[in-house]
1. Look through segment 478-530, keep the residues that are over 21 Å from Cys459 (Cβ atoms) and within 16 Å of ligand 2 (Cβ to nearest atom), and return whichever of them is surrounded by the most Cβ atoms within 10 Å (Cβ to Cβ).
2. Can you confirm whether Glu507 is at pLDDT below 90 and away from ligand 3 (no atom under 16 Å from the Cβ)?
3. Can you give me the number of residues within segment 398-428 that are closer than 15 Å to Thr451 by Cβ and assigned to a strand (DSSP E or B)?
4. Hey, any hits in segment 606-615 for a residue that's without any contact (Cβ under 8 Å) to a residue 24 or more places away in the chain and over 28 Å from Leu528 (Cα atoms)?
5. Would you please name the residue that is least open to solvent (accessible area, probe 1.4 Å), looking only at residues in segment 644-660 that are touching a Ser or Thr at 6+ places or on another chain (Cβ under 9 Å), farther than 20 Å from Ala464 by Cα and in a loop (DSSP other than H, G, I, E, B)?
6. Any idea which of Thr399, Thr412 is within 30 Å of Phe643 (Cα to Cα), out of contact with any Leu (no Cβ under 9 Å at 6 or more places or on another chain) and surrounded by fewer than 19 Cβ atoms within 10 Å (Cβ to Cβ)?
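The values are calculated or read from the model by the stated rules, or taken from the named source; none is laboratory data. Please read these numbers as outputs of a predicted model, since none were measured by experiment. Here the Cβ positions follow ideal geometry from the backbone for every residue, glycine too, while neighbour counts run over all protein chains shown. All accessible areas refer to the heavy atoms of the entire protein, side chains included, with ligands and DNA or RNA removed. Shrake-Rupley method; radii C 1.70, N 1.55, O 1.52, S 1.80 Å.
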Amino acid sequence: MTEKNIASFLDRIGLVVIGAGASTFYYYLEKSVASGQSLGSFVTIALILIISIFTQLLINNINRSREALRESNETLEQKVILRTRELRESEVKYRTIFENTGAATVIIEKDLTISLANSVFVAFSGYSRGEIESKKSFLEFLDKTSHRTVLDNEGALNIDNNLECVFFDRERIRKDILLTIAGIPATDKSLASLTDITELKMAEKQIMHQAFHDTLTNLPNRTLLIEHLRMAIKRSKRRDDYHFAVLYLDIDRFKLVNDSLGHSAGDNLLTAFADRLKTSLRDIDTLARLGGDEFVILLEDIQNSSYASMVAERLQQELKRPFIVKGKEVFAPASFGVVENTDDYDLPEDILRDADSAMYHAKEKGRSQFKIFDKKLHEKALHLLQRETDLRKAIHHKTFENHYQPIVSLKTKEIVGFEALIRWNHPQLGLIYPGSFISIAEETGLIIPITRLMVEKACRDLKAWHEKDQSLHRLTMNVNISSRHFLLPSLLNDIKEVLQKINLKPEHLKLEITETALMEDVEDTIRLVQRMKDCGLQIVIDDFGTGYSSLSYLQRLPIDTLKVDRSFVSRIQDAPDGNRNIVEAIISLAHRLDMIVVAEGVETLEQYTILLDMNCHFGQGYLFSKPLTGAAVDSLIDEMLQFSKENPGRHYPLMKAISN
Ligand code: C2E
Ligand code: MG
Ligand code: MG
């Protein structure tokens, strides 16, 4: 019988009892009223009845409460069932997510033991689940340094993203991981997920390596070298007993290997070269390749400054042995620039600059040399640099001017032409002579625009003088062409363009080329001079006698004029030393080769007379005239014209003008 049934049964009994009570009460009430009896028993019955009614009411109430309780119990039970089901579903859901995050994931307890690990973590760690869960501390998987990353000061896990740590699996294989730790809300557990970044790290390392190393030789590159130098400078400033030195080296004539054996042979040589140097150095030294055939050695912690030169000498000795490249013996001597005293430097770049400049000077001395940097060298380099900058400005502002030195017929003393001699009008230094800037202009390539300016001005001035009078059309203009410029194909085009622009005939222009320039590349020179001749230009050999051109070579060159170098002319009267014979030989050679001969630097009447006796055609020198400004030539020409007008049929004798 259920509780509900018992309640309704009790309910019914209550009603029966109340009904029976009420009937009995009514019976006794009628009987008492009829018999006139006292109402004592009647009151008793009434009381019982009242009690019964109350009892019944109570029972009813209890029953109702019980019913309500039961109903709420049932609802609660259902709710519990529902909730439990939901919980189970949620757990399944979260477990599925936990399992399938793709990342190795663990739940870590407050005491740092792993209470739950997903299969990815299990596989990643190499342990079984049973060996991990509730057995292992998460820290056991990490290296000591990572402990510091993962834990805060209190020894609790750092709730953080992207902690880079080192992980060891069962086989003690090291893996780089990225760790994310999150607290699980309302618990003292944490969720840690790991991503394997070993390959990423390796790639990163490789990229870093490539950024700081030369791919061919695997040596540190300029960037890394600069970093090492920076550290060396810092250390030497901190410690009095720490000194370092730098060697800058460049393989002599490396281009020859590349050009003759090919680039891959060149690469092989560079690698072998680097290896040989490396084995000759201490571990603490840095050998870096700056590119091409340039290497730098940083010698650290050296005892005395002369150590660097000793190393340079030793390495040069090492480099005397040949290398075998593609089965061939190849020698690779190198020039060394040494910065021994590095105490005063603050910037790595400055040390490299000075070592490089010392190396450059070593190269100038010849092959397989070394040079120790000194301040004077540096100042010279600075001076050259300043000159170069000034020259560039001068080209831009056209602050060059031509002076013209007359060339005179020795017989008639009349002017047959001029030699244009360039001067640089420097804003601070005043007039600078070619001897002080032509070689820098040649080295920097600035000689090309300078020559163009000079030739154009000379041609323009000559054209203006021609235009003064028909009789002056015979005047010619000599221009000096530097030896380095001479072989450039652009020269002839530039000259042709200028002549065309100014409308001057090419036969009025004579190119002066030094004897040495003509000897650079015989076949090329012959071809080039021929092309110039074909254009109508005249070719003059300047400073003749100072070079060593062979007679057969001279014969092959279509040369118009020889200029006897001033050094011979100046000593022509000193009889016993044979200079006279040399000048005589040059003059007769010119006659025989059907060339015109000009004597340079004629200063005295005695020299003039001797040269005239030797049948030298023309002369040039202070005896006739110093180089003159354009304006001075202008007045000279006017004077010449005036003279011709006053003395018809006579030529203006320049010597007389001077002696006047
Ligand atoms: P150079 O072509 O042999 O020119 C002759 C030099 O001797 C000139 O010096 C001239 O002033 C000087 N000279 C002339 N007669 C006498 C004399 O009787 N006694 C003495 N002691 N010297 C005399 P400058 O002008 O200083 O030129 C020097 C050199 O510079 C020239 O030698 C030439 O090789 C070069 N040069 C001049 N102008 C140019 C130019 O425009 N381009 C190039 N590439 N070189 C030039
Ligand atoms: Mg000259
Ligand atoms: Mg000369």
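1. This residue is Leu518.
2. Here the answer is no, as Glu507 does not meet what is asked.
3. Residues that pass the stated criteria total 9.
4. Yes: segment 606-615 contains one or more residues that are without any contact (Cβ under 8 Å) to a residue 24 or more places away in the chain and over 28 Å from Leu528 (Cα atoms).
5. Pro653
6. That would be Thr412, the only listed residue that is within 30 Å of Phe643 (Cα to Cα), out of contact with any Leu (no Cβ under 9 Å at 6 or more places or on another chain) and surrounded by fewer than 19 Cβ atoms within 10 Å (Cβ to Cβ).
Condition check ((1) within 16 Å of ligand 2 (Cβ to nearest atom); (2) touching an Asp or Glu at 6+ places or on another chain (Cβ under 9 Å)) across all residues:
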site: Val597; (1), (2): yes, no
site: Glu600; (1), (2): yes, yes
site: Met614; (1), (2): no, yes
site: Pro627; (1), (2): yes, yes
site: Leu636; (1), (2): no, no
site: Ser644; (1), (2): no, yes
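Results for (1) part of a loop (DSSP other than H, G, I, E, B); (2) not assigned by TED's automatic domain parsing to the domain that holds Gly266, shown as yes or no for each residue.
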residue	(1), (2)
Glu329	no, no
Phe336	no, no
Thr342	yes, no
Tyr345	yes, no
Glu349	no, no
Asp354	no, no
His361	no, no
His396	no, yes
